[in-house]
1. Please verify whether R113 is in contact (Cβ under 8 Å) with a residue 40 or more places away in the chain, more than 29 Å from A32 (Cβ to Cβ) and of a type in the set (D, E, K, R), treating the condition exactly as stated.
2. Could you pull out the residue among L77, L37 that is of a type in the set (A, V, I, L, M), under 14 Å from the mean Cα position of the chain (by Cα) and at pLDDT below 90?
3. Does the stretch 87-105 hold any residues that are within 20 Å of S19 (Cβ to Cβ) and of a type in the set (A, V, I, L, M), and which are they?
4. Looking at the stretch 9-20 only, could you name the residues that are closer than 17 Å to A178 by Cβ and either among the polar types (S, T, N, Q) or surrounded by 24 or more Cβ atoms within 10 Å (Cβ to Cβ) (or both)?
5. Test of understanding: among A35, A45, A25, which residue is surrounded by 16 or more Cβ atoms within 10 Å (Cβ to Cβ), under 25 Å from A143 (Cβ atoms), out of contact with any helix residue (DSSP H, G or I) (no Cβ under 9 Å at 6 or more places or on another chain) and of a type in the set (G, A, S)?
6. Within the stretch 72-96, which residues are surrounded by fewer than 21 Cβ atoms within 10 Å (Cβ to Cβ) and farther than 23 Å from T13 by Cα?
7. Of a type outside the set (D, E, K, R) and at pLDDT below 80: is that true of G43 in this structure?
8. Of all residues in the stretch 97-152 being over 20 Å from A169 (Cα atoms) and either touching a His at 6+ places or on another chain (Cβ under 7 Å) or basic (K, R) (or both), which is surrounded by the most Cβ atoms within 10 Å (Cβ to Cβ)?
Amino acid sequence: MPAAPACLITGLTGTDKRSFLTALALARSADAAWALLDNDGGGSARDLADRGIATAVINGCACCSGQVLLQTGLVQLLRRNRPQLLIVAVDGAAEPAALGRVLEQPGIAQGLRSVLQLCVAPPQWLDRLPPAARARLLGQIEAADGVIARDPAAAAKLRAAGAKQVLQADDAIRRILALASDSSASVSRIAS
């Protein structure tokens, strides 16, 4: 089985992640084999399943008590669906370092070619969160390869919060589509 690229989606609110994932699914070509592991309440899984994307939902904290469920869900999606892209959307409480350790475990790491970590983080939450939740969101922002912003003012605030790279949603979608198309080219070379 060829290794699939993965996109890890973090962020505070399920609504923001769900909106981004819906826009991403709309940009997907109809013949692209994608899979979603939803650890963010199941709403994204319902939306994307309606668009022909293989989905699985896990409950519990993906980085501690639900880690076994995360591992099982990842392995099952990779084996059953052999996706050209695996998307993992996690709950707002997820700790990036713990998620990274799960993705690096034997049996999972071999099934993944690369991992792009994006954080959907509307900056208006930064000033309103209790200290522990703010620290968790800042950890997700700092760990992300890119943080998705809606406008230039949001981008400036996210950069000030420690974002390495701030992307508009369309740019983030293009990066994910490029990952998926690289995978699809690899699969066709292997098949021929």
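1. Answer is no for this residue.
2. Details: L77 fails: under 14 Å from the mean Cα position of the chain (by Cα).
Step by step, each of L77, L37 is checked, and only L37 is of a type in the set (A, V, I, L, M), under 14 Å from the mean Cα position of the chain (by Cα) and at pLDDT below 90.
3. Step one: filter the stretch 87-105 for residues within 20 Å of S19 (Cβ to Cβ), giving 87-94.
Residues satisfying the conditions are I87, V88, A89, V90, A93, A94.
4. I9, the sole residue that qualifies.
5. Details: A35 fails: out of contact with any helix residue (DSSP H, G or I) (no Cβ under 9 Å at 6 or more places or on another chain); A25 fails: out of contact with any helix residue (DSSP H, G or I) (no Cβ under 9 Å at 6 or more places or on another chain).
Of the residues listed, the single one that is surrounded by 16 or more Cβ atoms within 10 Å (Cβ to Cβ), under 25 Å from A143 (Cβ atoms), out of contact with any helix residue (DSSP H, G or I) (no Cβ under 9 Å at 6 or more places or on another chain) and of a type in the set (G, A, S) is A45.
6. Scanning the stretch 72-96 gives T72, V75, Q76, R79, R80, N81, R82.
7. Working: of a type outside the set (D, E, K, R): yes; at pLDDT below 80: yes.
So G43 passes the test.
8. R136
The values are calculated or read from the model by the stated rules, or taken from the named source; none is laboratory data. All values reported here derive from a predicted model rather than from experimental measurement. Cβ coordinates were reconstructed from backbone atoms using ideal geometry, including for glycine residues, and neighbour counts include every protein chain displayed.
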